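Contents: one structure, followed by commentary.
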Amino acid sequence: MNRGVFITLEGPEGAGKTTILQLLGAALEKEGHRVVVTREPGGIPIAEQIREVILNKENTAMDSRTEALLYAAARRQHLVERIIPALEQGMIVLCDRFIDSSLAYQGHARGLEIEEIYSINTFAIADVMPDITLYFDIEPEEGLKRIQANNHREVNRLDLETIDFHKKVREGYQLVMNRWKERFVLIDASQSLEVVFEQAKQSIVEFLHKKG
Ligand SMILES: Nc1ncnc2c1ncn2[C@@H]1O[C@H](COP(=O)(O)OP(=O)(O)OP(=O)(O)O)[C@@H](O)[C@H]1O
Ligand SMILES: Cc1cn([C@H]2C[C@H](O)[C@@H](COP(=O)(O)O)O2)c(=O)[nH]c1=O
């Protein structure tokens with residue numbers, strides 16, 4: 001059986017990744033694809049427990065390297081339990097955030113260096129990298145405004161970082177996109193939900209078509 005397709009969605013807070021992910025999952029299933037929709041950190045019980053520790057607002061003492069290692073540990077377990085088995089069954093995996101979040105947030109915004117974070121993550125993921133990554137670009141102020149307007153979303157420890165931190169996250173994503181150009185698709189997430197969804201879907205359709 002052919003290996004499946006690993007698709008990740010990335011971007012700053014409030015860019016619309018989670019909303020688009022659900023729409024893409026439903027649209028691809030409707031077209032007959034077998035799809036797994038999942039997220040990081042989390043997606044399976046052990047990784048969801050690690051998520052609780054990382055994002056808990058009370059954990060203000062968390063050291064940046066501890067944070068980076070916890071994200072990598074959650075990623076390892078999620079990959080082994082959920083992503084790799086689905087890919088081996090030929091499924092499409094749609095994942096809300098993956099290694100690029102660690103590179104942008106911990107590598108650049110926390111100042112731990114993108115190459116260092118890539119190195120600890122290669123231990124976690126071995127050679128399993130996304131086939132295609134949709135990057136939803138938005139001004140941090142705009143994304144944070146969207147989150148604040150969403151009463152159903154709980155504010156987490158990372159949301160409470162300064163606006164300068166969130167600006168560095170966006171800058172980090174730009175560096176990461178330049179480094180791994182071949183797998184990135186840039187989408188302007190400030191457009192309407194309908195337009196953003198159509199562009200995201202079209203990118204995946206084109207990718208699947210090219211892959212054959
Ligand atoms: N294109 C859009 N235009 C206006 N509002 C949007 C758009 N996309 C998403 N939203 C709204 O913005 C809020 C944040 O969206 P969503 O949770 O999907 O973002 P996210 O990128 O997953 O955020 P985070 O990574 O911080 O969890 C939601 O209330 C959602 O309905
Ligand atoms: C995978 C990953 C995530 N983060 C940050 C990004 C967000 O602030 C939170 C996750 O919350 P979301 O509502 O699910 O987007 O965690 C990170 O800093 N590093 C990572 O590797």
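Here, each number is a calculation from the coordinates, and none is a lab measurement. Given the structure is predicted, the values throughout are model-derived calculations rather than measurements. Here the Cβ positions follow ideal geometry from the backbone for every residue, glycine too, while neighbour counts run over all protein chains shown.
Observations on the structure shown:
- Amide hydrogen neighbours beyond the local backbone of R39, cut-off 5 Å, H modeled: D96
- In terms of other Cβ atoms within 10 Å, T19, T133, T66 run from fewest to most in the order T66, T19, T133.
- The range 102-191: trypsin sites (Lys or Arg not before Pro) falling in loop per DSSP and having at most 16 other Cβ within 10 Å: R153, R157
- Listing F184, F207 from fewest to most neighbouring C-beta atoms within 10 Å gives F207, F184.
- Globularity index of the range 5-211, i.e. its alpha-carbon radius of gyration over 2.2 N^0.38 Å: 0.96
- Distribution of pairwise C-alpha distances over the range 1-95, 10 Å bins, in %: 15, 40, 33, 10, 2
- Protection proxy ranking, peptides 92-103, 48-59, average beta carbon neighbours within 10 Å, highest first: 92-103, 48-59
- Convex hull projection area averaged over all views, the range 88-212, Cα basis, nm²: 9.1 nm²
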